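Take a look at the structure set out below.
The values are calculated or read from the model by the stated rules, or taken from the named source; none is laboratory data. Treat the numbers as computed from the prediction; the structure is a model and nothing was measured. Neighbour counts run over all protein chains shown; Cβ positions are idealised from the backbone, glycine included. Quick note on the areas: whole protein, heavy atoms, side chains included, nothing else; ligands and nucleic acids left out. Shrake-Rupley method; radii C 1.70, N 1.55, O 1.52, S 1.80 Å.
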Amino acid sequence: MIVVDWGTTNFRAYHVVNDNDIKLLENNNKGMKFIPNGMFEQEIYQLFKQHDFLYDLSGEVVCMAGMVGAKNGWHEVPYLAAPTSLERLVSGLYSFELSWGVPAFIVPGMSITNKFGLFDVMRGEETQLLGLRKLVADDTLSVILPGTHSKHATVNNDQLTDFCTMMTGELFALLNQYSILTQGMPEIYDDEEGFLQGVEIGYDVPLSNALFSVRTQCLNQKLSSKAVRSYLSGVIIGNEIQQLSNTLTHYIIGSKGIATRYQTALSHLGYHYQLVDGETCFLQGIKFIANQYLEGK
């Protein structure tokens, strides 16, 4: 099968022969918002042409998940309403044929009225959650999926019972680029002491006031200019973690980088966690969906 993780900004494609034969074909920035005039099929065609797959895909299927199924994606695929079993994703697949006869499908996203009483949605993370569920035997999973729009999810047995979105990454990007908080400050992001200071403040203080402390901690010389951007990141992540139970083990689905920051913050605050590779979870989830799809054909 050809497996595609097609997000808003990134495009990752794999050729999957079996569990031991998986090849990364592409990892680029041709995400959904960068595809001109809805030319999604042309991108898949170029992928096949570049890797000489176009002429020997008769026995395969193109499996896609992520924002490719959003309103502005290739085909809008309706959300499945949660709480529900993650395995029900198979029932919501949008199936179609590429113009050269190769079957394809797009995985639906999930929607929910979350614990705060607010409507919430995800696309792409549901496939990773299904993959995590296949990898981990715990009856209850508390999961963090860091990113531009970080997700907190709860899985009981096979049921996705709750999730909510935190705009952690986007909030940091906006404040880091446009606010007075970082104006004129060095472009340094790896000051761990400053990051952990921010985590503590963000965890203990209401977010709006904690954010202003980025400026005031500099004014009273408790924070160096080199630590400002790390401190800001810590404030926002610490405030997000404040929403999580401190009695559970939290599974962080992600790759090194932003997931490592959550790992550092959780450890500093005394939380239990386990880091799980996001690519592994995605592939595990979409392979399960693809196998169910093929069995039903």
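By its C-alpha gyration tensor, with a ≥ b ≥ c as the square roots of the eigenvalues, how is region 165-266 shaped: rounded for a/c under 1.5, else prolate for a/b larger than b/c, else oblate? Prolate, because a/c is 1.5 or more and a/b exceeds b/c. Each label point was placed 7 Å from the Cα along the Cα-to-Cβ direction; for Asn20 and Ser267 their separation is 3.4 nm.
For region 34-41, backbone phi angles converted through the Karplus equation (6.51, -1.76, 1.60; θ = phi - 60°) give residue-by-residue couplings of 9, 8, x, 6, x, 8, 6, 4 Hz, Gly and Pro being listed as x.
Toward the positive end of the charge dipole of region 1-122, with +1 on the Cβ of Lys and Arg and -1 on the Cβ of Asp and Glu, the farthest Cα among His15, Val4, Pro83 is that of Pro83. In a Debye calculation with equal point scatterers on the alpha-carbon sites of region 134-205 and no solvent, what is log10 I(q)/I(0) at q = 0.15, 0.20, 0.26 Å⁻¹? After summing over all Cα pairs, the log10 values are -0.71, -0.97, -1.24. Accessible surface for His250 stands near 0 Å², nearest 10, in the context of the full protein assembly shown (1.4 Å probe). Coupling constants for region 281-295 follow from the phi torsions by the Karplus curve (6.51 cos²θ - 1.76 cosθ + 1.60, θ = phi - 60°), and in residue order they are 5, 4, 5, 4, x, 6, 5, 4, 4, 4, 5, 5, 4, 5, 5 Hz; glycine and proline get x. To test your reading of the geometry: what angle, between 0 and 90 degrees and rounded to tens, separates the Cα axis of helix 207-219 from the longest principal axis of the chain? Result, in degrees: 50. In loop segments of region 71-108 as defined by DSSP, the chymotrypsin sites (Phe, Trp or Tyr not before Pro) with at most 13 further C-beta atoms inside 10 Å of their C-beta are Trp100.
Applying the Karplus relation 6.51 cos²θ - 1.76 cosθ + 1.60 with θ = phi - 60° to region 121-137 yields 3J(HN,Hα) values of 9, 8, 9, x, 5, 4, 5, 5, 5, 4, x, 4, 4, 6, 8, 10, 8 Hz, where x marks Gly and Pro. Solvent-accessible surface of the chain, averaged per residue with a 1.4 angstrom probe and all protein chains in place: 48 square angstrom. Computed with a 1.4 Å probe over protein heavy atoms only, the accessible area of Thr9 comes to about 50 Å². With all protein chains in place and ligands, DNA and RNA left out, the 1.4 Å accessible area ranks Met32, Met110 as Met32, Met110, largest first. Sparsely packed loop sites in region 113-214 (the trypsin sites (Lys or Arg not before Pro) outside DSSP H, G, I, E and B with at most 15 other Cβ atoms within 10 Å) comprise Lys115. The Kirkwood hydrodynamic radius of region 13-116, based on inverse pair distances between different Cα atoms, is 15.3 Å. When only Cα pairs below 8 angstrom with a gap of at least 6 residues are kept, region 94-227 shows a relative contact order of 14 percent. Taking label points 7 Å from Cα along the Cα-to-Cβ direction, Glu76 and Thr247 give a separation of 4.3 nm.
When Lys and Arg each count +1 and Asp and Glu each count -1, what net charge do the other residues less than 9 Å away from Asn157, Cβ to Cβ, add up to? Surrounding charge for Asn157 is -1. What separates the Cα centres of region 169-204 and region 218-297 is a distance of 17 Å. Among the listed values (1) -0.49, -0.59, -0.70; (2) -0.54, -0.64, -0.74; (3) -0.37, -0.46, -0.56, the one computed from these coordinates for log10 I(q)/I(0) by the Debye sum over Cα atoms at q = 0.09, 0.10, 0.11 Å⁻¹ is (1). Taking amide H as placed 1.01 Å from N in the peptide plane, Thr8 has its amide H under 5 Å from the amide H of Met32, Met67, each at least 5 places away in sequence or on another chain. How would you classify region 58-106 from its alpha-carbon gyration tensor, with a ≥ b ≥ c the square roots of the eigenvalues: rounded for a/c under 1.5, else prolate if a/b is greater than b/c, otherwise oblate? Judged from the Cα gyration tensor, region 58-106 comes out oblate (a/c at least 1.5, b/c at or above a/b).
Note on Leu174/Arg215: beta-carbon distance plugged into 1/(1 + (r/R0)^6) with R0 of 25 Å gives a FRET efficiency of 0.95. For a straight C-alpha distance cut-off of 20 angstrom, the lysines reachable from Lys49 (same-chain residues fewer than eight places away being disregarded) are Lys23, Lys30.
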